[in-house]
Structure formats: C-alpha cells, structure tokens
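Take a look at the structure below.
The values are calculated or read from the model by the stated rules, or taken from the named source; none is laboratory data. All figures in this text were calculated on a predicted structure; none of them were measured in a lab. Cβ: placed from backbone, ideal geometry, glycine included. Neighbour counts: every protein chain shown. Note: areas computed on protein heavy atoms with side chains; ligands, DNA, RNA excluded. Shrake-Rupley method; radii C 1.70, N 1.55, O 1.52, S 1.80 Å.
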Amino acid sequence: GNSVTQMEGPVTLSEEAFLTINCTYTATGYPSLFWYVQYPGEGLQLLLKATKADDKGSNKGFEATYRKETTSFHLEKGSVQVSDSAVYFCALHSYSGSARQLTFGSGTQLTVLP
Amino acid sequence: DTGVSQNPRHKITKRGQNVTFRCDPISEHNRLYWYRQTLGQGPEFLTYFQNEAQLEKSRLLSDRFSAERPKGSFSTLEIQRTEQGDSAMYLCASSPRLAGQETQYFGPGTRLLVL
C-alpha cells in the first residue's frame, strides 16, 4: 500500500535559518506529491505540489523536487520567518482503481524563533 | 469562492450519544472527502463521494459511522453510539472534476471530544 514517512519533529530554528523537512514515500504507479501546511487554529492549506518526476513545486519561498530515484519530496526554504511556524504534512495521491484518497505523513511541527 | 466550510467547529458529547457533522464544499466541486486526524498524526482517509455517490470507504469507517451527500452538494457525517476513541478532528475536503486535478481543498475541521 501507499505510505509517507516524514522527518520527526519538532523542529526549532532561528529566523533566517535554512529549513529542510525530509519526506520519503512508497506508492504504486506514479503518484502526485504534495506539501500541506496547518497554521495554529486553521485548516490544512496546500503549500505546493508536483505531479511527475523531476518536477519542482514552489510557493512562498518553499521548494520541493519530486525525486523518483530516491522516492523523496523534501521541503526546503532558504530563510525561514517566524510566520512559517506551523505543522507541515507531506502527502501523496496515487490512483488505485477508483481510489482518490490522499495518504499523509505524520506531520512535522516547525517553530521559528525571532 | 468561499472555501470549504464545516459545522460545528467544536462538539463535546457524552459516550453513547450520536453526533452529526456537516460539510459544505466549494461550489461546483463534485468530489468530497472525509478524513479523521488524531493528535500528532496526519489525516487518515474515511470516505469519498463523487456527486451523490459514495465510491470509497476506508476500513476505519466502522458500522457506527455513516456519511451521506444526498444532492451532491453538502455532506453529513454521523457517528452513532460515540466512543472515547472517536475523539479527533474530522476534516472535509473537496476537489473539482478536472483531468489531472487531484488537489484537495480542506475545511477548518470539526473537533470532537467524547467524554
């Protein structure tokens, strides 16, 4: 079956530090990959996505590259801000019959200190 | 586009009671999903509708759980005879019926606490 493994948190960084959150996956076929973010007290928001190998998704300074050879989709940001403090979820979508569900990792809590 | 809305946002109930949650998807999104999220975990898929048809159900969806989408618009999720293990955040998401469009847009969730 499909699965997503995320780097365990929590992660605490100082403002302007470099961020990497690791994500690896197991899936049948050719999945689409996503990063969702959940700010305190809010719902899940799509941060970025990639639908095929070597695609790079980017948004708000965050980037992730779909690496089929390593089955990875690591999230990076060059300079984090306090406002980036949130929980980040890696997810995949892979067709299996009529299945249209997303499979999520367990989430990584990020705290950015001023 | 007002986004996915869910009601209520919070629900506290006693063990054994029935509860019902409502989800209003983004208008014209014909696909609707329910997920459950427990503390410290990612969302887990419960069920999926395309229009009014319930096309997929997870093994997590026990007989006490039932979901409907009678007119292909809003959806309800009912839990009968609630148990303390049902305490979780229940998330609804919707997506459009477009080729290659698998992005799901989530609502704020309904947090359930069973005492």
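Quick notes on this structure:
- All lysines inside 28 Å of B:Lys11 as judged from Cα atoms, apart from same-chain residues fewer than 8 positions distant: B:Lys57, B:Lys71
- Rg and Dmax, both from the Cα atoms of the range A:1-105 and both in Å, are 13.6, 45.
- Cα-Cα separations in chain B greater than 26 Å, expressed as whole percent: 14
- Relative contact order %, chain B, counting alpha carbon pairs below 8 Å whose residues are six or more apart: 36
- Mean sequence separation of contacting Cα pairs (under 8 Å, at least six apart), scaled by the length of the range A:1-75, corresponds to a relative contact order of 27 percent.
- 10 Å Cβ shell holding at most 15 others, DSSP loop, trypsin sites (Lys or Arg not before Pro): longest site-free stretch of chain A: A:1-51
- Each Lys or Arg adds one and each Asp or Glu takes one away; over the other residues whose Cβ falls under 11 Å from the Cβ of A:Lys60, this sums to -1.
- Candidate lysines for bridging to A:Lys56, where Cα separation is under 27 Å - those fewer than 8 sequence places away on the same chain excluded: A:Lys68, A:Lys77
- Computing FRET efficiency as 1/(1 + (r/R0)^6) for B:Leu113 and A:Ser58, where r is the C-beta to C-beta distance and R0 is 35 Å, gives about 0.35.
- Placed amide H near B:Gln104: partners under 5 Å, 5+ positions off or other chain: none
- Measuring nothing but protein heavy atoms, the accessible surface of chain A at 1.4 Å probe radius is 48 percent carbon and sulfur.
- Buried area at the A-B interface (accessible, heavy atoms, 1.4 Å probe, summed, Å²): 1600
- Accessible area per residue in Å² at 1.4 Å probe, computed on the range A:1-79: 52
- The protein assembly as shown: projected area of the alpha-carbon convex hull, averaged over directions, in nm²: 12.5
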